[in-house]
Structures are given as structure tokens and as C-alpha cells.
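Working notes for the structure below.
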Amino acid sequence: MSVCGRLNGQVPCLARVAVSKGLCLGQCAGPSKVKIMPEKLKVGTATAKRGELQKGMMKGIELNTTTSIDIPVLVMNGMKDGPTLLIVSTQHGIEIQGTEVVLKIMRERIDPKKLRGAIIGIPVENPLAYMHHQYLSWIDNLDLGGGGSGSLLTADRPLGGATERLAYALWQEAWSQADIVINIHCNTRPDSLFFQEINTGNPKTREKLERMAKAFGVTTLIVNEPVKDDAPSTLANMAAKKGVPDILIELIDGRWISEPSTSVGVRGVINIMKTLDMIDGQIEPQQGIQIVQGPCKEWGIVRANRGGLVRFLKKPGVFMKKDEVFAEIYDLYGDVLERVKMPVDGYTWAYPCGDILGTNSSLQAVQTGANVAYVFTEENK
């Protein structure tokens, strides 16, 4: 299912009339049929009629105290036909900026009576991680998104472990109903670089993902890895196999609800909705943040060879040459033990300070082997 695209953020009235009749006036990237919305859209216990916003819960898991750990959801069903957009946040429990973005979009910015299509908003995808302020689920140390552990978590196991059952519920109730997914994550430090990641390796989703990334308007990292039929059934892989574009957004200062993350996130999501003709309006460029024009590609992680405190000499998003020193590791006497160098010509997007999935640190200190920096390159440099 494709939705007719926009020209400079606007679709002429004649084009919209044509789209409503399942026609295309040359703006479409694919099949021109607009998805016919149901009179009632149900996700978990939330059921929204046309023109309504409703809230509810998706059934999660039960603790040994018989306490239910469920997943809050908001459902907005527009008055007019269009795609179903899923906006999710906090797959990792310490990344909460997207929670405010979801709430701002659905409670303040979008009028369901003017919406073409529907929005499913999940402020906290992984309540097990969120409730303990941890990156991973505290109960089994698994990553809801599929990574971060020895065994890859999948979303196709209704009788699996606790986090696997959460993933299964999310797929059955929400992800499987979506035509577009915006998956909001965060880097924890406030000096990190805003960026987004798209996988252009799947022909079914490439063009729409490129349009979505252009609309959101921050530094874009491009992955070109086709999702094979036998790829593990993570939430993202299952969406890709279904032909659903899934864009990953990384805001900053993830442990807090703060600016500019809220404004950047809200503006970017609304821009995507305008691009997909879900709402009216012109695209609003991101302002006041650093953007590397790209195209960009992830290089990998620079790790510490010594342990100690760490000071950073360059800000994320600043271009550096190979072998340029960007950080120093020093001991409690003030002696420098290691000068950390760039492995390639490129940039850092964040300094995790030893954060490694479930062992997140809140100190500007590292041990041997800890993550010091995430590095990416720009094709034009």
C-alpha cells in the first residue's frame, strides 16, 4: 500500500480528489490506492471510532506477585482514509524523550477530525526496562528490539520468555496493523548528535524511507542490508518483510524530557505525516541543531584500551581526520594513560562513557573495552 506523495509539503486539491478515488496524477511512488480506514480501530483495549482519540492497554505479562505489566497505547482514527502510522518510544528503558513526542503529537498537535489515516502511539514499548530505569528488561536481561544479548530476541514466540511475550503482543496488536513505523530512541548524553537510520536494502521500502528521512530532517545514516526471508523475526525484520518502512530516530539527552529533543522529534514526525499526506501543511526544516548533510554510513565503535576517567576534546558532529585525538583517558592522579584517536576520517555521533546495553553507567569513566565513541563517515569527504 502506497500513499500519494506531496510536492513541497502540499498536495493540490485536484490530486487529493484523484487519490480519494484510487487514482494517481503522477506524484505517487507506487500503487495509488489509499488505504480504507475501518470505522473502528482497535489496539488492545483501546477502540477508536472515526474522528476519535482513545487510550487503553495491551496485555503484557504477569509478575510473581500477580501484578500485570501491560503496555499503554493511544489510538487515533482519522475522519478520512489514509495509512496507519505507528509511533513507538522507549524500547530501551532509559530512552524516554520519545515518550513526550508521542504524547505531544497525539494529545496536542493532531486533530483526529483532520487526520487522513490513523496513528497508534506507544509511549513506552518496554515497561520492564522502563520501570527499573534500565536499558534492557530487568527480568531476563533481553532487548525488546532484538539485539543486545547472546540470543536474538524475536517477536514470534507467544509462549516464550517475558520480554519475548511483550514483543509478540506488540507485533500482534500494533506493529502488524501499521503501514509506517517511526521508532524513537535516544543517546543519553545531551551533547550527542541527532540522527536517523534507514535501511535502503529493501526495494519495497527504500523510496518511502528516503522521503521520510528527508522530511524528518536530521543527519541520516544509511544501511544497505536486505532483510532476507530467513532473517530472525525481530519487530523491525518482520515489518521489513511485510514491506512496512521503519525509520529509527535517535534523539539526545535520553534520560530526561528536555529541549531541543521534544521540538526536534515533534517537528520531524509532523513533517513525515505531511510528506505522507496524512495532514496538511508545509515541511518545516529543523533549526538550531547540527546536521551532517551526508549521505553517511556507520563505521562502528571505538573502545577504551585503558581504564579511568575520560575527557572529550571534540564535540560530536565535528569532522576529524584519521588519527586525530578526540579524547583522553586519565587516572586519579591526573596522568594521561591513553589518547583516543579517530580510526577513520569522519565524525562521532555520541560518547557513551562506558554504557554497554544493560550495564549503563552514569559516570564519565571507562574500563578496558568500554565504548568510548560511536563513529560514522560521510561519503562526500
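Bear in mind that the values in this text are calculations on the coordinates, not laboratory data. In this text the structure is predicted, and so the values were computed from the model without any measurement. Heads up, the Cβs are rebuilt from the backbone with ideal geometry, glycines too, and the neighbour counts pull from every protein chain shown.
Among the listed pairs K35/K104; K113/K214; K113/K274; K42/K204, give every one whose C-alpha distance is greater than 23 Å.
The pairs that break the limit, which is 23 Å between Cα atoms, are K35/K104; K113/K214; K42/K204.
So how do I122, I36, I69 line up by other beta-carbon neighbours within 10 Å, fewest first?
The fewest-first ordering by Cβ neighbours comes to I36, I69, I122.
In debye, nearest 20, what is the charge dipole magnitude of region 35-275 about its Cα centre with +1 on Lys and Arg Cβ and -1 on Asp and Glu Cβ, if you could check? Working shown, then result.
Numbers: 28 positive and 27 negative charges, 225 e Å.
Around 1080 debye, computed over region 35-275.
To the nearest 20 debye, what charge dipole does region 270-362 have about its Cα centre, counting +1 at the Cβ of each Lys and Arg and -1 at the Cβ of each Asp and Glu?
On the way: 11 positive and 12 negative charges, 56 e Å.
Result for region 270-362 is approximately 260 debye, rounded to the nearest 20.
How many angstrom lie between the Cα centre of region 310-354 and the Cα centre of region 219-259?
Value for the Cα centre distance between the two parts: 28 Å.
Could you give the longest part of the chain that holds none of the GluC sites (Glu not before Pro) found in DSSP loops with at most 11 neighbouring Cβ atoms within 10 Å? Don't skip to the answer; put the middle values down first.
Values: sites that count: E39, E379.
My reading of the result: 40-378 is the longest stretch.
Scaled to the compact-protein estimate 2.2 N^0.38 Å, what is the alpha-carbon radius of gyration of region 36-192, rounded to two decimal places?
Details: Rg = 15.6 Å, N = 157, 2.2 N^0.38 = 15.0 Å.
Against the compact-globule rule of thumb, the ratio is 1.04.
Which net charge results when you count Lys and Arg as +1 and Asp and Glu as -1 among the other residues whose beta-carbon is under 10 Å from that of L144?
Working: positive: none; negative: E125, D143, E164.
Combined, the nearby Lys, Arg, Asp and Glu give -3.
For n ≥ 4 DSSP H runs only, could you compute -39500 (n - 2.57) per run for the chain, divide by its residues and tell me the 222 nm figure to the nearest 500? Present the calculation step by step, with values, prior to reporting the outcome.
Numbers: 7 runs with 68 residues, N = 381.
So the calculated ellipticity at 222 nm is -5000 deg cm²/dmol.
Local charge sum around K55 (other residues, Cβ-Cβ under 13 Å, Lys/Arg +1, Asp/Glu -1)?
Local charge sum for K55: 0.
How far is helix 203-216 tilted, in degrees, relative to the longest principal axis of the Cα atoms in the chain, given as a value from 0 to 90 rounded to the nearest 10?
Rounded to the nearest ten degrees, it is 80.
Mind pulling the angle between the C-alpha long axis of helix 162-173 and the longest principal axis of the chain? Nearest 10 degrees, somewhere in 0 to 90.
Computed tilt is about 30 degrees.
Could you identify which residue out of P352, P127, P285 has the top mean-square fluctuation in a GNM of the chain using Cα springs shorter than 10 Å?
P285
Report, to one decimal in Å, the Kirkwood hydrodynamic radius for region 164-300 based on all distinct Cα pairs.
Value: 15.7 Å, from the Cα pair sum.
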